[in-house]
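I have placed the structure first, in the form of structure tokens, so that the comments after it can refer back to it.
Computed from the coordinates by the stated procedures, all read-outs in this text should not be read as laboratory data. This structure is a prediction, so every number in the text was calculated from the model and none was measured. Cβ sites come from the backbone with ideal geometry, for glycine too, and all protein chains shown count toward neighbours.
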């Protein structure tokens, strides 16, 4: 008797591939949990971009694109924020505080340094109507979608005789 472990008669290919996707997700989650556990026991270095790049949310609400970015500890006057029709460019620096030589650190997790982030927009936006606010370290941008202007020309169809 022949057994079909992965693809039995009448089984869909997508169902069989989802098993592998599930296994890969479990593997990734276990690796992440082990890394977090090991970080407490052994000093593990993380990539530089992970240390200083701010986390963000990008979503659409009421016909506008909203971008919320966490930037605690950064002076808004030190932020270079530029809005283009297809992207938002964000540059800033989280400055290092002066340390006294008598201080002895056991753990340093707060990130410092300059960073650059270019965020592509899912739709074309109108830079002139963009607004930015900051409250409690959360930078919020409201970016209106650019309204397409129909510059098309109506063409008259002539019948040939």
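Put in order of Cβ neighbour count within 10 Å, fewest first, the listed residues 66, 27 become 27, 66. By the beta-carbon count within 10 Å of each Cβ, the least crowded to most crowded order of 154, 91, fewest first, is 154, 91. Each residue in 20, 106 was given a count of other beta-carbon atoms within 10 angstrom of its own, and listing them fewest first yields 106, 20. The slack in the chain from residue 59 to residue 148, taken as 0.36 nm per residue of separation less the alpha-carbon distance, amounts to 30.0 nm. A straight chain from residue 123 to residue 28 at 0.36 nm per residue would run longer than the Cα-Cα distance by 31.0 nm. Full extension of the chain between residue 70 and residue 114 gives 14.4 nm of extra length, using 0.36 nm per residue less the Cα-Cα distance.
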